[in-house]
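Let me begin by presenting the structure, written as structure tokens, before commenting on it.
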Amino acid sequence: MEIPETKYAKTVDGVHIAYQVLGDGPVDLVFSPGEVSNIDSAWDLAPEMMQLCRRLGNFARVIMFDQRGNGVSDRDMGTAPFEAGMDDVRAVMEAAGSARAVLLGMQDGGMMCALFAASFPERTSGLIFLHATVRSLWAADYPWGWTEEQYAEYHAALDAGWGSLEHAEQHLHWMAPSRSLDAATVGRFARYFRSAVSPGSAVAIDRRTEEGDVRAVLPLIQVPTLILHTSRNLVSPVEEARYIADHLQGSTLVEIESDEYVPFWSAADRIVSEIERFVGRVRSDEDEFDRVLATVLFTDIVDSTAQSAAMGDRTWTEIRAKHDQIVRGCISRYRGREIKTMGDGFLATFDGPARGVRCAEAIVAGIQPLGIEVRAGLHTGEVSIEGSDVAGLGVAIGARVGALAGASEVLVSQTVKDLVAGSGLTFEDAGEHELKGVPDSWRLYRVAG
């Protein structure tokens with residue numbers, strides 16, 4: 001099994017965060033595995049967890065990392081753990097080239113991801129809680145948290161036994177009480193725990209989140225959220241997941257019938273399938289958000305090759321520069337958006353078809369004194385936003401309409417003509433046409449001068 005390269009991201013406070021990227025799916029999935037991890041040694045010592053990540057990488061680009069204080073990241077844990085955790089996520093996303101991602105937070109990683117989703121909604125396309133908690137200590141309105149006495153007892157056990165075979169076996173039985181464990185498995189996980197943190201660090205990391213309470217941000221989270229929780233695990237009562245679902249509008253709670261807290265044994269199939277379904281839904285929603293109704297304008301210099309040859313390179317370069325200046329000035333004047341230049345023409349979009357038509361008229365008129373002519377075509381339809389570019393059938397139709405226009409002619413589709421009714425623009429019927437690569441025949445109209 002090929003192991004991805006471990007790289008480092010540097011946070012704003014100078015902490016190095018180790019991360020790996022696997023898979024090349026269409027959606028970025030940032031995975032915070034919680035307070036005990038080592039993304040280097042896990043491939044040998046906790047292959048079950050890595051197999052889970054591999055499966056996630058079949059449909060997503062998985063970006064997993066060791067939180068500060070863990071594994072192969074810097075041991076500097078910072079003075080504000082959750083704020084620092086948000087910086088970890090942001091640094092890793094930037095280093096991995098991820099502008100927007102689904103966040104998957106396990107255990108205390110859920111607190112960190114919840115804060116990030118509320119603080120940076122523009123960078124969060126979805127949120128997944130996996131056995132996550134939003135408060136650590138017991139409270140009258142949160143009776144599933146641990147008491148200070150329980151934490152003290154737990155920390156004493158960590159300090160005395162962390163990394164030993166006995167402690168590892170007890171820990172695994174706590175997290176998977178029905179699973180039969182052989183000596184080799186216990187030994188592997190004991191080594192994995194030691195590679196993640198030392199006994200003192202295990203206690204310090206747990207103490208830094210003991211006071212954690214991010215319940216106040218739940219109503220502020222406005223991204224799709226999936227809450228996954230096994231119903232009978234001994235570590236985190238399912239009531240915690242139900243509490244989160246009750247206080248996070250629009251979230252989806254999936255209770256998985258299992259007593260295992262670890263996500264990579266009996267519950268793995270269900271966990272992966274639910275995450276895949278959720279990520280697919282997020283992607284579909286994002287695609288819908290990136291499709292808008294727009295008027296596309298294509299312009300092109302008529303007989304540019306012959307014109308260039310007749311004028312010579314120097315004169316043609318000067319003419320082209322003036323042409324570009326005029327076109328850009330018209331696009332700006334009519335509040336359009338220049339998408340790109342293509343050969344000797346422009347592609348621009350407008351949120352109003354009448355402005356697009358008037359822009360095309362202004363371009364045709366403005367270019368004529370240069371001794372050259374342009375053709376222009378417009379169509380209004382649904383386009384997909386792809387970064388700074390646009391694509392889709394609406395763009396293809398606009399390009400075909402533009403290609404059919406004559407010298408100094410503005411040609412539009414029936415859709416544009418219908419939408420600008422009452423604007424004062426007048427049109428002449430240009431007949432029905434087959435547009436290459438576009439279904440059906442299309443009636444086109446030329447703008448009357």
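The values are calculated or read from the model by the stated rules, or taken from the named source; none is laboratory data. As the structure is a computational prediction, the values presented were derived from the model and not from experiment. Neighbour counts run over all protein chains shown; Cβ positions are idealised from the backbone, glycine included.
Scanning the range 229-246 for residues that are without any contact (Cβ under 8 Å) to a residue 60 or more places away in the chain and within 24 Å of residue 150 (Cβ to Cβ), we see that the one that is surrounded by the fewest Cβ atoms within 10 Å (Cβ to Cβ) is 231.
Only a single item in (1) out of contact with any Gly (no Cβ under 7 Å at 6 or more places or on another chain); (2) closer than 22 Å to residue 58 by Cα; (3) not basic (Lys, Arg) is not met by residue 278, and it is number (1).
Counting the residues of the range 286-324 that are without any contact (Cβ under 8 Å) to a residue 60 or more places away in the chain and under 21 Å from residue 383 (Cα atoms) gives 2. Taken over the range 332-362, the residue count meeting the criterion of being among the aliphatic types (A, V, I, L, M) and surrounded by 24 or more Cβ atoms within 10 Å (Cβ to Cβ) is 3. Here the helices (runs of 4 or more DSSP H) wholly within the range 178-259 that include at least 3 residues being of a type in the set (Val, Ile, Thr) are 199-210.
Of all residues in the range 166-189, those satisfying the criterion of being more than 21 Å from residue 205 (Cα to Cα), touching a residue at least 24 places away in the same chain (Cβ under 8 Å) and not hydroxyl-bearing (Ser, Thr, Tyr) are 176, 177, 179, 188. Inspect the range 211-228 for any residue being without any contact (Cβ under 8 Å) to a residue 12 or more places away in the chain and either among the basic types (Lys, Arg) or under 16 Å from residue 131 (Cα atoms) (or both) and give the result as yes or no. Within the range 211-228 (the criterion being without any contact (Cβ under 8 Å) to a residue 12 or more places away in the chain and either among the basic types (Lys, Arg) or under 16 Å from residue 131 (Cα atoms) (or both)), the answer is no, since none of the residues qualifies. Filtering the range 320-335 to residues that are modelled with pLDDT under 95 and touching a Ser or Thr at 6+ places or on another chain (Cβ under 9 Å) leaves only 320. Of all positions in the range 286-294, at least one carries a residue that is surrounded by 19 or more Cβ atoms within 10 Å (Cβ to Cβ) and either under 20 Å from residue 400 (Cα atoms) or not assigned by TED's automatic domain parsing to the domain that holds residue 234 (or both).
Being within 27 Å of residue 76 (Cβ to Cβ), of a type outside the set (Ser, Thr, Tyr) and either surrounded by 17 or more Cβ atoms within 10 Å (Cβ to Cβ) or without any contact (Cβ under 8 Å) to a residue 40 or more places away in the chain (or both) holds for only one residue in 194, 207, and it is 194.
Yes/no per residue for (1) surrounded by 15 or more Cβ atoms within 10 Å (Cβ to Cβ); (2) small (Gly, Ala, Ser); (3) within 15 Å of residue 101 (Cα to Cα); (4) outside the structural domain of residue 83 (by TED's automatic domain parsing):
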position: 2; (1), (2), (3), (4): no, no, no, yes
position: 12; (1), (2), (3), (4): no, no, no, no
position: 17; (1), (2), (3), (4): yes, no, no, no
position: 21; (1), (2), (3), (4): yes, no, yes, no
position: 24; (1), (2), (3), (4): no, no, yes, no
position: 29; (1), (2), (3), (4): yes, no, yes, no
position: 37; (1), (2), (3), (4): yes, yes, no, no
position: 45; (1), (2), (3), (4): yes, no, no, no
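The listed residues are 374, 364, 410, 327, and the only one of them that is of a type in the set (Val, Ile, Thr) and in contact (Cβ under 8 Å) with a residue 60 or more places away in the chain turns out to be 374. Are any of the residues in the range 426-447 surrounded by fewer than 18 Cβ atoms within 10 Å (Cβ to Cβ), closer than 18 Å to residue 295 by Cβ and in contact (Cβ under 8 Å) with a residue 60 or more places away in the chain? Within the range 426-447 (the criterion being surrounded by fewer than 18 Cβ atoms within 10 Å (Cβ to Cβ), closer than 18 Å to residue 295 by Cβ and in contact (Cβ under 8 Å) with a residue 60 or more places away in the chain), the answer is no, since none of the residues qualifies. Among residues of the range 26-39 being in contact (Cβ under 8 Å) with a residue 60 or more places away in the chain and either outside any strand (DSSP E or B) or among the basic types (Lys, Arg) (or both), the one that is nearest to residue 133 (Cα to Cα) is 34. Among the criteria (1) at pLDDT 95 or above; (2) outside any loop (DSSP other than H, G, I, E, B), the one residue 49 does not fulfil is (1). Whenever a residue of the range 333-350 is closer than 20 Å to residue 400 by Cα, its partners that are surrounded by fewer than 20 Cβ atoms within 10 Å (Cβ to Cβ) and among the small types (Gly, Ala, Ser), lying with C-beta atoms within less than 9 angstrom and at least six residues away or across chains, give the pairs 338/332; 339/388; 340/388; 343/304; 344/304; 344/308; 345/304.
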